[in-house]
Amino acid sequence: METLNPCAGFLSNFEVLQHLTTQRDQRAKQIKQLSQRKVDRTRALGRKAFSHEEEDDEMARIQPGDLHTVTFECIKYLEDQIHPIRRQSKSSIKKLMEAMKAYDLTKAERLQIVNLAPVSDVELFVCIEDCDTRFPEETRPALLSLIKSHLSPKSKQPNTTNNDKKMNVDEEDDNLYVASDDYEEEMEDAGAMDEDDDEEFVNEGLQGAGDKNEKELDETAD
């Protein structure tokens with residue numbers, strides 16, 4: 001496979017999240033259809049489904065385990081409240097990009113501003129190279145005010161698909177990668193039990209060794 005255009009364009013974090021959630025929901029829909037087809041086919045044959053059916057190969061091809069993990073972790077990271085994505089929309093980003101054309105900013109700098117949405121001089125310096133010389137102190141408040149004006153005041157729920165339709169994805173898949181509090185408590189209890197068992201085992205060993213030494217001493221004395 002050959003990469004014809006290694007850099008076709010820049011994508012904001014908002015666009016990356018939209019793409020990932022769309023792909024995830026499409027795969028979930030396909031897997032659901034394959035699972036139903038598997039049930040219907042085996043039922044028509046009058047038998048229970050085997051541990052490995054032809055539909056299982058197709059499901060593994062559609063969503064390998066590594067792909068699911070990477071997608072899950074990326075979406076979880078981008079939907080974190082530290083990012084401004086929940087306060088952005090496609091239209092607000094487009095308006096902000098148009099408004100920033102009045103400033104002497106590169107494409108990469110405008111992308112950084114969209115992704116980080118700086119609200120202070122310190123954050124602005126991270127997005128713009130040589131910000132102190134290119135943008136004097138008296139001009140920065142206007143740029144920061146422009147950025148703030150294109151963010152919604154309240155955080156919205158994470159986006160799922162481009163058409164804003166939400167699809168319920170099996171929570172069991174997520175549970176494969178996120179341990180519950182109960183599970184962590186159980187593991188801590190198990191660890192404590194193992195420590196008690198190890199201590200008891202060591203004490204028994206020391207006691208046994210002591211009895212053996214006393215017996216050898218008695219035999220020697222005889």
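Would you mind classifying the range 1-76 by shape? Square roots of the alpha carbon gyration tensor eigenvalues, ordered a ≥ b ≥ c; an a/c under 1.5 is rounded, otherwise it is prolate if a/b is larger than b/c and oblate if not. Mind dumping the intermediate values first?
Details: a/c = 3.22, a/b = 2.42, b/c = 1.33.
Because a/c hits 1.5 or more and a/b exceeds b/c, the range 1-76 counts as prolate.
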Fill in the blank from the handout: Checked the range 65-130 with the C-alpha gyration tensor, a ≥ b ≥ c its square-rooted eigenvalues, rounded below a/c of 1.5, otherwise prolate if a/b is larger than b/c and oblate if not; verdict prolate
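Return the carbon/sulfur percentage of the accessible area of the range 1-98, one whole number, probe 1.4 Å, all protein chains in place.
Working: 3790 of 6960 Å².
Whole-percent figure for carbon plus sulfur exposure: 55.
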Exercise for the section: Leaving out ligands and nucleic acids, note down the accessible area per residue over the range 75-145 with a 1.4 angstrom probe, in whole Å². Expected result: 60
Completion exercise
Under the Karplus relation with 6.51, -1.76 and 1.60 and θ = phi - 60°, whole-Hz ³J(HN,Hα) for the range 109-115, x at Gly and Pro, equal 5, 5, 5, 4, 5, 5, 6
Problem - Enclosed volume per residue, in Å³, of the convex hull spanned by Cα atoms of the range 1-152 - result: 160
Fill in the blank from the handout: Along the range 132-147, Karplus-curve 3J(HN,Hα) (6.51, -1.76, 1.60; θ = phi - 60°) to the nearest Hz, with x for Gly and Pro, reads 5, 8, 7, 10, x, 4, 6, 9, 5, x, 5, 5, 5, 5, 5, 5
Exercise for the section: Give the residue from GLY46, ILE113, SER35 lying farthest towards the positive end of the charge dipole for the range 1-139; charges sit on Cβ (+1 for Lys and Arg, -1 for Asp and Glu) and the dipole is referred to the Cα centre. Expected result: GLY46
Fill in the blank from the handout: For the range 44-92 (alpha-carbon point model, no solvent) the Debye-based log₁₀ I(q)/I(0) at q = 0.18, 0.26 Å⁻¹ works out to -0.73, -0.96
Exercise for the section: May I ask you to evaluate 6.51 cos²θ - 1.76 cosθ + 1.60, the Karplus curve with θ = phi - 60°, for each residue of the range 14-25 and list the ³J(HN,Hα) values in order in whole Hz, giving x for glycine and proline? Expected result: 4, 5, 4, 4, 4, 5, 5, 5, 5, 4, 4, 5
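The values are calculated or read from the model by the stated rules, or taken from the named source; none is laboratory data. Treat the numbers as computed from the prediction; the structure is a model and nothing was measured. We place every Cβ from the backbone using ideal geometry, glycine too, and count neighbours over all the protein chains shown. The accessibility values were calculated without ligands, DNA or RNA, using every heavy atom of the protein model including side chains. Shrake-Rupley method; radii C 1.70, N 1.55, O 1.52, S 1.80 Å.
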